[in-house]
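> Handing you a structure now.
The values are calculated or read from the model by the stated rules, or taken from the named source; none is laboratory data. All figures in this text were calculated on a predicted structure; none of them were measured in a lab. We place every Cβ from the backbone using ideal geometry, glycine too, and count neighbours over all the protein chains shown. Please note that ligands, DNA and RNA were not included when accessible areas were found on the heavy atoms of the full protein model with its side chains. Shrake-Rupley method; radii C 1.70, N 1.55, O 1.52, S 1.80 Å.
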Amino acid sequence: NFAFKIIKFVKFYNLRFLLSNLKFQKEPQDEFIKIMMLTKNLADENNSQLYFVYLPGSKRYESKSLNKNYLLIKNIIEELNIKFIDVHNDVFLKENNPLKLFSLGASDHYNEEGYKKVADLLFNLTKN
């Protein structure tokens, strides 16, 4: 149970839910900034490097439209001097058909090739 709570914290389940299900109006935006500032402070206090990894869902490529919160979130993260890893730009935009990296029937889960490309990117950007 304790291990699950640690994993839940590290994966930021509640933050991911907030980002994916709410329109980014003033109140959630302020909460997001507060959470990210606290997270950055915790990482700094522990001499850790904090990375924010943007993982796009398949709907972005099905509708060919930009997620409404993407630029706002990216700007906030960059203003807080948190390293932003943009899987959309660094992996999916390099594909002729980005949808081929998603599992069939699970719109926000990648397939083996998709996860491999994301893992390689994360490894290469964080290995130092």
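> Label-point separation (nm) for Tyr70 and Asn47, each offset 7 Å from Cα along Cα-to-Cβ?
3.8 nm
> Could you work out how much longer the chain between Met37 and Glu112 gets when fully extended? Use 0.36 nm per residue separation minus the Cα distance between them, nm to one decimal.
Gain in length upon complete extension: 23.6 nm.
> Right, something else. Express the accessible area of segment 79-123 per residue in Å², computed with a 1.4 Å probe while the remaining protein chains stay in the model.
63 Å²
> Going by accessible area, probe 1.4 Å, with all protein chains left in place, what is the ranking of Ile82, Ile35, largest first?
Ile35, Ile82
> Which entries in Lys59/Lys94; Lys64/Lys127; Lys68/Lys117 show an alpha-carbon gap greater than 21 Å?
Lys64/Lys127; Lys68/Lys117
> Next up: Please sort by residue number the trypsin sites (Lys or Arg not before Pro) in segment 68-128 whose DSSP state is loop and whose Cβ has at most 16 other Cβ atoms within 10 Å.
Taking segment 68-128 and a limit of 16 other Cβ atoms within 10 Å, the loop trypsin sites (Lys or Arg not before Pro) found are Lys68, Lys127.
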